[in-house]
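The block underneath contains the structure these notes are about, expressed in structure tokens.
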Amino acid sequence: MGTAGTLNLAQNLEKFQVLGDCFYIWGVNYLGIDYGEHRVGIAFADSEMKWAFARETIDQKKTDLMTRLAELVKLNKIDIFVVGMPYRPDGRKDGKNVVVEEFVKSLAERFP
């Protein structure tokens, strides 16, 4: 792999581990994103770690987000993005989750 994007699940099932309602893939690097319209939190983890570690906050007023993410993907050999989704307790799609879903779409376009 080496660049963030989609993983062919059929070819990589032996790399998966299910923990609760989450799954982890062994041998990959993760970039966690806590998206905000002004600031974006970034964390890193690899499949050997049990925790993600915060690395930086990107101020979108000063830095182009997609350019910085491309730098981080290349520098850290990111395989998979993990984006925090602000769900409402009742499941309604409004507010911040709509903004984050739009960001995820643009992220998928930029990093296929």
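The numbers here are math on the coordinates, done by the rules we state, and not lab data. Source: prediction; values computed, not measured. Using ideal geometry, Cβ is built from the backbone for each residue, glycine included, and neighbour counts are taken over all protein chains shown.
Other residues with beta-carbon under 11 Å from the beta-carbon of His38 carry, at +1 per Lys or Arg and -1 per Asp or Glu, a net charge of +1. Listed by chain and number, the aspartates and glutamates placed with their C-alpha closer than 12 angstrom to that of Lys77 are Asp46; residues fewer than eight positions away on the same chain are left out. Note on Lys62: aspartates and glutamates with a C-alpha under 16 Å away, same-chain residues under 8 apart excluded, are Glu37, Glu71. Peptides 55-64, 39-48 ordered by packing proxy, namely the average of other Cβ atoms within 10 Å per residue, highest first: 39-48, 55-64. Extension gain for Ala52-Lys105 works out to 16.8 nm (0.36 nm per residue, less the C-alpha to C-alpha distance).
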